[in-house]
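The values are calculated or read from the model by the stated rules, or taken from the named source; none is laboratory data. Every value quoted in this text rests on a predicted model; they were computed, and no experiment measured them. As a convention, Cβ positions derive from the backbone with ideal geometry for all residues, glycine included, and neighbour counts pool all protein chains shown.
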Amino acid sequence: MFNQLKSSFIEIAHESGLMETEVNITARQLTPREAIGETERKDFPLLQGKESLMQAEFKGAIGQAFTDIPMNFKGKIKDIVEIKLSNNGERALFISALNAVMRHLEKADKTIHCKNKEPEMCAKEIAKSVINKYGIKSNIGIIGFQPAIIDNFSKIVSPGKVKVTDLDKDNIGKKKYGISIWDGKTMEEEIFKTSDVLLATGSTIVNNCLERLTIYAEKYNKPIYFYGTTIAGPAIILNLKRLCFNAS
């Protein structure tokens, strides 16, 4: 999957004459206001200090990617496409740069995380759109702990019809919004077996889980939607379904 993304990035850069152009990527632990603004809900992972938002700037365009290994980089596009992608930090560098370049070329949109009341508004819209399409009796699978999305689904359908997996040990085994959080490492396939439709955080591409998710979706013939800004560019290249209503 990353081979396809690399090939596409190189092709896009060559066609646009951008391989020798510099891209500036900075990553640091953003303050709550910088990252997501002022939200009523305080259990977003970004506000718990468990994730960083990596931001790439390219000719005035911004691309972002979530990671637990923030890194800094300054160089040319040709240097970015040579990164080994051996860990979450390197993959986030690559993805944030890809998102910025595709935003600059108007090949991708909604690459900047929403703030303040917008995450809550987006979660409501995601839950509403999925239920309208698949029905209130559907079993919903959510991959990655996103509290607003989980809460909004639990209010529309019974908590027993919502399954959630996560990789954070502080969440696994706990009950959140009436829903038990499964271990994402051991229950990854099970959530596909027991769900009618699935949603997954776009940061699964940085965690190197996305390819497995698409394999399970095909194996069990289950629709899967990815949400968030991290997946903005890759969703276009890989032809993935994406839900992201309030990003800019």
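Do you know which of the residues in region 174-193 that are over 19 Å from the mean Cα position of the chain (by Cα), touching a residue at least 24 places away in the same chain (Cβ under 8 Å) and closer than 22 Å to Asn152 by Cα is surrounded by the fewest Cβ atoms within 10 Å (Cβ to Cβ)? Among those residues, the one meeting the criterion is Gly178. Of all the criteria given as (1) over 15 Å from the mean Cα position of the chain (by Cα); (2) acidic (Asp, Glu); (3) modelled with pLDDT of 95 or more; (4) closer than 18 Å to Asn246 by Cβ, the one not satisfied by Glu120 is (3). Residues that are closer than 30 Å to Phe73 by Cβ and among the charged types (D, E, K, R) were ranked within region 100-133; the one that is surrounded by the fewest Cβ atoms within 10 Å (Cβ to Cβ) is Glu106. In region 134-154, of all residues being out of contact with any helix residue (DSSP H, G or I) (no Cβ under 6 Å at 6 or more places or on another chain), in a helix (DSSP H, G or I) and modelled with pLDDT of 90 or more, the one that is surrounded by the most Cβ atoms within 10 Å (Cβ to Cβ) corresponds to Ile150. If the condition is being at pLDDT 70 or above and small (Gly, Ala, Ser), then region 1-40 contributes Ser7, Ser8, Ala13, Ser16, Gly17.
I'm checking my understanding of the structure. Among residues of region 69-80 that are in contact with a Ser or Thr (Cβ under 7 Å, 6 or more places away or on another chain) and surrounded by fewer than 18 Cβ atoms within 10 Å (Cβ to Cβ), which one is nearest to Ile12 (Cα to Cα)?
Going residue by residue through region 69-80, those that are in contact with a Ser or Thr (Cβ under 7 Å, 6 or more places away or on another chain) are 70, 72, 76-77.
Then drop every residue that is not surrounded by fewer than 18 Cβ atoms within 10 Å (Cβ to Cβ), which leaves 72, 76.
Details: Asn72: 23, Lys76: 14 Å.
Taking the candidates together, the pick is Lys76.
The condition (being modelled with pLDDT of 90 or more and part of a helix (DSSP H, G or I)) is satisfied by just one residue among Ala92, Ala65: Ala92. Among the residues of region 214-248, the one identified as hydroxyl-bearing (Ser, Thr, Tyr), farther than 22 Å from Met121 by Cα and not in a helix (DSSP H, G or I) is Tyr220.
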